[in-house]
Every structure is written in structure tokens, then in C-alpha cells.
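So the structure is just underneath, and the comments pick up after that.
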Amino acid sequence: MSVTTLSAHQPITAQDGCRDPVMLNSWHVVGFATDFVPDTIYPVRLLERDLIAWRSAEGTIHVWEDLCIHRGARLSKGWIKNDRVVCPYHGWQYDGTGRCTLMPAAPDETPMKKAVAFPYRAVERYGFVWVCLGEPFEDIPVFPEWDDEHFLKVHNGPYNYAANGFRAIENFIDASHFPFVHAGLNGVMENPDRLEPYEVHEVETGLRSSEVQVFQPWGDARGIPLMAFYTYYAFRPLVAYFSKRTQQADAKGDIVSEESDLFTTFFTAQPVDEKTTIVRVCAAMNMQPHPDPKVVRDRADVVYSQDREIVETQRPERIPTELRYELHHRTDLMGQRYRTWLRAKGISYGVI
Ligand code: FES
Ligand SMILES: [Fe+2]
């Protein structure tokens, strides 16, 4: 893992797009680590800002504004030469620190001190690339199973939602949609789960629910009926997580095994803009034997595409954090508390 240095100067394009300090000063996932290989420049969009990502030959990931300070051309249209970003307009070259090292029209001159690109903090963690456009006020949240070798990890996505990121998160921490949106997989439409009262508390890592119990006819990659006990977390406004404890059940929903397995999911939402989101997740599971990762991924592709389709229908697209605009039942407590929590953080971007 490596962190690029942050330049103090701000690009003129910082006046575009999101001005919400909470969003600007948070870490956001912009890709899987494996998406970025050396010698290529990748355009990335975050909070309505155009960025580039590129990887140095020795492995460091860089995320910069997609802007050349000389005349404002897009660096994403350029290329890499000798481990430097070459601007496509006048060929200025920028090294991994963001400094201009060559102006081809004046090759003998040392470039001006201000001839620097606009780098942001960029870090790789849990197989994701994270970026902060401002000054991060908290660290990237902990993925509890990441370092536990008993857990198989499977990355899923990207899933492109034409929808709001907070709506995507709220859907992820919602258990009462399973029988309808994921009928036959995570629930049974003809026999929806009755959700018992549960609690939500603010803890050090964010918001946490108590266990929510549901029956799942095809609860994970094993393809077997499970009784599932979900503990939901909102770690950050756009990073959520659940830990699902499962016990094997019969087709009627009676538990048939004493032991529990764990299936957890670390869910990230990249806010491209207020109404466009890229979801990337990492699932971790400890059942023995470990399932085939391809089966895990195929099932996730189905489930998240079902979620995407419903979340894309929600209106208004920006999530209402004032509770009076929608209806909140006790079974929605996690979503209700999530909205209040966003509001208390003073978030103004992507909400109404
Ligand atoms: S605009 Fe980039 S080198 Fe001129
Ligand atoms: Fe869902």
C-alpha cells in the first residue's frame, strides 16, 4: 500500500460539481486494484469531477485531476512514456510526484515551480483503490474479515446503478425487500418473513443493527435453504457492511444444523454524481469447503442486478433525509436511522 502526496494547490475545476465538505473529505472507492495496470491512463469520475488514475512501473497508484495546468487539456487523452504522464496537447511530462519534468518546446529549461499536476490522496486497501479529494477526517473503515485466512474473499462488481449512492446503501441494509426483489433466493414471495423488532445503535464503527432473522431458500453459493441472521452496519455514508450468520434449514424453514457459518459483505458506493453510482463489493465467507468463487460471483451478479433495477426506480432520486417525505415503519429502522445519521453529519450532496 502506498499513499500519493497531496498538492496544496487546487485545480480550477474544483469549482465544478460537489462542494459538500463531508463528501470531499471522505475516502471513496474508485476501482478494484486489479483494474489499473502500468503504462495506461484510466479516466475516473467522482463527485462530478474528472480524474485520472495510473500506476507507476514500481506499483504505486496515482489519482490526479484530469487536467493539465498548462492550458487545461485532459491528461486522460494523453499517454505514459518512461513512467511519466504525457499531456496530449504540448507534450509536457509529469512524473509520479506530479511535477512537470519536461516541456518539449523548451527542453533545456527546468519547468516552472508551479508546473505540477493535481494529485489526490490515493490508497489501495481490501483490493479497492480509494481516493480522497480533500483532507480525510477519518480513516478507511475496517473490513473485519480481510486478514482472516479462514474466510474466502470474493470481489463482485462493478455494478453501475443509474441511481443515488445513499439509495443504493439503504437498499443494502434493508431486509424486508428480500422476498420480493430476490424471490427464490433471499426470500419467498408467497411467504414473506415477519420481521421481529430489532435495534439500531450508533457504535464506534458507525451504525449497527441487532440481528435480523430471515429465511433464505437459496441463501448463498451452496444453493441450500438457510436461516439467516443479519447484523447490518453503516460504516460510512457510502460504505456499508453486513455479517450474515447462517444455519442450515429445511425447505419449510426449520433449522436443521447447530453450527453457524458466516457470510459477510463489505459494500462500497462510488458517487459518480448525485444520481449515478458504481457499486463494488467484497464478500467474505468461512463455510467449509469454500464455495467456487465463480459461483459466488454469478449469484452476486443476479442479486445486485435485481437491487439495481428497483433502486433505479426510486423517486425522488436524491434520498430524502427529512423523514416526513417518506414513510418509515419499525421494520425500516436501519434505513430510518441511516437517513437521520446522514442528516446529522450535515450532508447536503445527493440528499433532499
Ligand atoms: S495543455 Fe498540457 S502541455 Fe499544454
Ligand atoms: Fe437486495
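Of 340, 51, 272, whose Cα points farthest to the positive end of the dipole of the chain (charges on the beta-carbon: +1 Lys, Arg; -1 Asp, Glu; origin at the Cα centre)?
Selected residue: 51.
From the helices alone, meaning DSSP H stretches of at least four residues, give me the mean residue ellipticity at 222 nm for the chain, per-run term -39500 (n - 2.57), in deg cm²/dmol to the nearest 500.
On the way: 5 runs with 47 residues, N = 352.
Here the helix-only value at 222 nm equals -4000 deg cm²/dmol.
Picking from 283, 118, 159, whose Cα lies most toward the positive end of the charge dipole for the chain (charges on Cβ: Lys, Arg +1; Asp, Glu -1)?
Result: 118.
Roughly how many Å is it from the Cα centre of the stretch 145-221 to that of the stretch 33-104, as a whole number?
So the separation of the two Cα centres works out to 38 Å.
What is the dipole size for the stretch 152-344, taken about its Cα centre, with +1 at each Lys and Arg Cβ and -1 at each Asp and Glu Cβ, in debye to the nearest 20? Each step should come with its number before you reach the end.
Values: 22 positive and 27 negative charges, 101 e Å.
For this selection, approximately 480 debye.
Sum up the charges of everything whose Cβ sits under 13 Å from the Cβ of residue 32, counting Lys and Arg as +1 and Asp and Glu as -1, but leave residue 32 out. Display every interim value, and only then the final one.
On the way: positive: 55, 125, 153, 280, 297; negative: 35, 124.
Local net charge: +3.
Could you pull out every Cys in the chain that lacks a partner Cys with its beta carbon under 4.7 Å away?
For the chain, the answer is 18, 100, 132, 282, because their Cβ atoms have no other cysteine Cβ under 4.7 Å.
Could you list 125, 324 in order of exposure, starting from the residue whose Cβ has the fewest other Cβ atoms within 10 Å?
On the way: 125 17, 324 7.
Going from least to most buried by this count: 324, 125.
Could you give the dipole magnitude of the stretch 18-175 about its Cα centre, charging the beta-carbon of Lys and Arg +1 and that of Asp and Glu -1, in debye to the nearest 20?
Details: 16 positive and 22 negative charges, 173 e Å.
Value, rounded to 20: 820 debye.
If amide H atoms are built 1.01 Å from N in the plane of the peptide, which residues on other chains or at least 5 residues away come under 5 Å of the amide H of residue 239?
Sorted by chain and number, the residues that satisfy this come to none at all.
Please rank 26, 348, 76, fewest neighbouring Cβ atoms within 10 Å first, as an exposure proxy.
Working: 26 25, 348 16, 76 19.
Fewest to most other Cβ atoms nearby, the residues stand as 348, 76, 26.
Take residue 231 and residue 90, extend 7 Å from each Cα along the Cα→Cβ direction, and tell me the distance between the two endpoints in nm.
5.9
Tabulate in residue order the Karplus-calculated ³J(HN,Hα) for the stretch 245-259, using 6.51 cos²θ - 1.76 cosθ + 1.60 with θ = phi - 60°, rounded to whole Hz; enter x for Gly and Pro.
Result, rounded to whole Hz: 8, 10, 10, 5, 10, 8, 5, 7, x, 8, 5, 10, 10, 6, 6.
From the backbone phi of the stretch 194-202, what are the Karplus-calculated ³J(HN,Hα) couplings (6.51 cos²θ - 1.76 cosθ + 1.60, θ = phi - 60°) in whole Hz, Gly and Pro given as x?
7, 8, 6, x, 9, 10, 10, 10, 8
Could you compute the FRET efficiency for residue 323 and residue 71, with r as their C-beta to C-beta distance and R0 at 41 Å, rounded to 0.05?
It comes to 0.25.
To the nearest 20 debye, what charge dipole does the chain have about its Cα centre, counting +1 at the Cβ of each Lys and Arg and -1 at the Cβ of each Asp and Glu?
On the way: 37 positive and 48 negative charges, 233 e Å.
In debye, rounded to 20, the chain gives about 1120.
What fraction, in whole percent, of alpha-carbon pairs in the stretch 57-108 exceed 12 Å separation? Walk me through the numbers before you get to the answer.
Numbers: 816 of 1326 pairs.
Roughly 62 percent, rounded to a whole number.
Among 130, 36, 91, which residue has its Cα positioned farthest towards the positive end of the charge dipole of the stretch 12-132, with +1 placed on the Cβ of Lys and Arg, -1 on the Cβ of Asp and Glu, and the dipole taken about the Cα centre?
91
What is the order of 285, 334, 103, fewest Cβ neighbours within 10 Å to most?
With the fewest neighbours first, 285, 334, 103 line up as 103, 285, 334.
Work out from phi, with θ = phi - 60° and the Karplus expression 6.51 cos²θ - 1.76 cosθ + 1.60, the ³J(HN,Hα) of each residue of the stretch 28-40, listed in order in whole Hz, and give x for Gly and Pro.
So the J values, rounded to whole Hz, are 10, 6, 10, x, 7, 4, 6, 5, 10, 10, x, 6, 9.
With a ≥ b ≥ c taken as the square roots of the eigenvalues of the C-alpha gyration tensor of the stretch 12-132, please select rounded if a/c is under 1.5 and otherwise prolate if a/b is larger than b/c or oblate if it is not?
Numbers: a/c = 2.16, a/b = 1.39, b/c = 1.56.
It comes out oblate by the Cα gyration axes.
The numbers here are math on the coordinates, done by the rules we state, and not lab data. Here the structure is a predicted model, which means the values were calculated and not measured. Cβ sites come from the backbone with ideal geometry, for glycine too, and all protein chains shown count toward neighbours.
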